[in-house]
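What follows is one structure encoded as structure tokens, with my remarks underneath.
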Amino acid sequence: MSKIESFEIEIPQLKRGRTVWVYLPDNYKQSGEPCPVIYMHDGQNLFYDKLTAYGTAWHVDKTMDEICAKYGKGAIIVGVECYDRARLSEYSPWKMSLAASMRQKGTPKHNRGGEGEQYAEFFTKNLKNAVDAKYNTAKEREATAIIGSSMGSLISCYIGIKHQRLYETMGLFSTYSQFNKGALNNFLSKFPQTLPQHALVYCGGKEGDNKRGDKIMAQDSLDLYQRLSKRGVHCELLYNNDFNHSETAWDFYFDKFARDFLSRYYSVKRTVPATN
């Protein structure tokens, strides 16, 4: 039977502590066949409605339970709690652009980006080492994915590309590129692509505060898809005109993301078919 547990970890790079939630699938055993791992941000929003800011979680545990029940294979989910007071800073290695600052007046100076590099180091070093030491994880990069939404997608893109030796698959949902689009595009243009990767880019049709905001988010997602494809990343772009910027939408497409990721990992055994 699957279960969810948690542990505390320090982020030495930022001198902060954090709670990490871990979902273990029904097929997980501490010895024997290791499990692939999906790393996620905003961990408080993944499993329990009562912990979310908006009252609705992704419910990734239910999605993974269904996948494991149908195919007999699952993945470990690792979700890192966000730090509300500095979430924007931790989830971007770049400072907020002037345009973004104008749209988000009142954002404290300590929460305007710039700590993403330290967070990425923690995520790829301290967190991954702790998870690999504590659980029976598959260590191949093909067995390791990273996914996030909004600012969590921005940092997932940065971590996935910069540390592609660790993460083969990226889930980039409702990416808030406008935080600093120039810096993001410069990074994607200049940082080399040395290994094959897969990415699922998703955007809803009602992501912004108005029709102009909706169009900007849609165009940014298309632009991200095209830039990743140009790098040689195997990309898929999904757009749903009816969905807004919410956990309900991200939960809906997480199912496809997880199935496709597991399908690639278990492709030799052909135990989890890809979605259509």
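The values are calculated or read from the model by the stated rules, or taken from the named source; none is laboratory data. Everything numeric here is computed off the predicted structure, so don't read it as measured data. Don't worry about glycine lacking a Cβ; one is built from the backbone with ideal geometry, like all the others, and counts go over all protein chains shown. Side chains included, ligands, DNA and RNA excluded: accessible areas come from the protein's heavy atoms. Shrake-Rupley method; radii C 1.70, N 1.55, O 1.52, S 1.80 Å.
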**Asked** So which residues in the range 78-96 are buried (at least 20 other Cβ atoms within 10 Å of the Cβ) and in a strand (DSSP E or B)?
**Response** Val78, Gly79, Val80
**Fill in**
If you go through Tyr39, Tyr23, Tyr28, the only one that is in a loop (DSSP other than H, G, I, E, B), aromatic (Phe, Trp, Tyr) and in contact (Cβ under 8 Å) with a residue 40 or more places away in the chain is Tyr28
**Prompt:** All but one of (1) in a helix (DSSP H, G or I); (2) open to solvent by less than 30 Å² (accessible area, probe 1.4 Å) hold for Leu172; which doesn't?
**Reply:** (1)
**Selection count, the range 181-233, where residues are surrounded by fewer than 14 Cβ atoms within 10 Å (Cβ to Cβ), out of contact with any Asp or Glu (no Cβ under 9 Å at 6 or more places or on another chain) and closer than 18 Å to Lys162 by Cβ** = 9
**Item:** Residue among Ala69, Ala130, Ala75, Ala99 that is open to solvent by less than 10 Å² (accessible area, probe 1.4 Å) and in contact (Cβ under 8 Å) with a residue 24 or more places away in the chain
**Value:** Ala75
**Complete:** Filter the range 1-22 for residues that are basic (Lys, Arg) and in contact with a strand residue (DSSP E or B) (Cβ under 6 Å, 6 or more places away or on another chain); the one that is surrounded by the most Cβ atoms within 10 Å (Cβ to Cβ) is Arg18
**Request:** Out of Asp214, Asp220, report the one residue that is part of a helix (DSSP H, G or I), more than 20 Å from the chain's Cα centre (by Cα) and within 18 Å of Trp250 (Cβ to Cβ).
**Result:** Asp214
**Request:** Working carefully through the options Ile147, Ile155, find the one that is in contact with a helix residue (DSSP H, G or I) (Cβ under 7 Å, 6 or more places away or on another chain) and either without any contact (Cβ under 8 Å) to a residue 60 or more places away in the chain or part of a strand (DSSP E or B) (or both).
**Result:** Ile147
**Asked** Is it fair to say Leu195 is of a type in the set (A, V, I, L, M) and within 17 Å of the chain's Cα centre (by Cα)?
**Response** no
**Prompt:** Quick check: is even one residue across the range 23-33 under 24 Å from Glu115 (Cα atoms), of a type in the set (A, V, I, L, M) and open to solvent by less than 70 Å² (accessible area, probe 1.4 Å)?
**Reply:** no
**Item:** Unique match (being open to solvent by 10 Å² or more (accessible area, probe 1.4 Å), under 19 Å from Asp260 (Cβ atoms), touching a residue at least 12 places away in the same chain (Cβ under 8 Å) and part of a helix (DSSP H, G or I)) among Glu121, Glu117, Glu142
**Value:** Glu142
**Any chance Asn240 is without any contact (Cβ under 8 Å) to a residue 60 or more places away in the chain, open to solvent by less than 60 Å² (accessible area, probe 1.4 Å) and not acidic (Asp, Glu)** = yes
**Complete:** Here the residues within the range 243-268 that are open to solvent by 70 Å² or more (accessible area, probe 1.4 Å) and out of contact with any strand residue (DSSP E or B) (no Cβ under 8 Å at 6 or more places or on another chain) are Thr248, Val268
**Request:** Give the range 80-103 a look and list any residue that's within 18 Å of Glu10 (Cβ to Cβ) and of a type in the set (A, V, I, L, M), or say none.
**Result:** Val80, Ala86
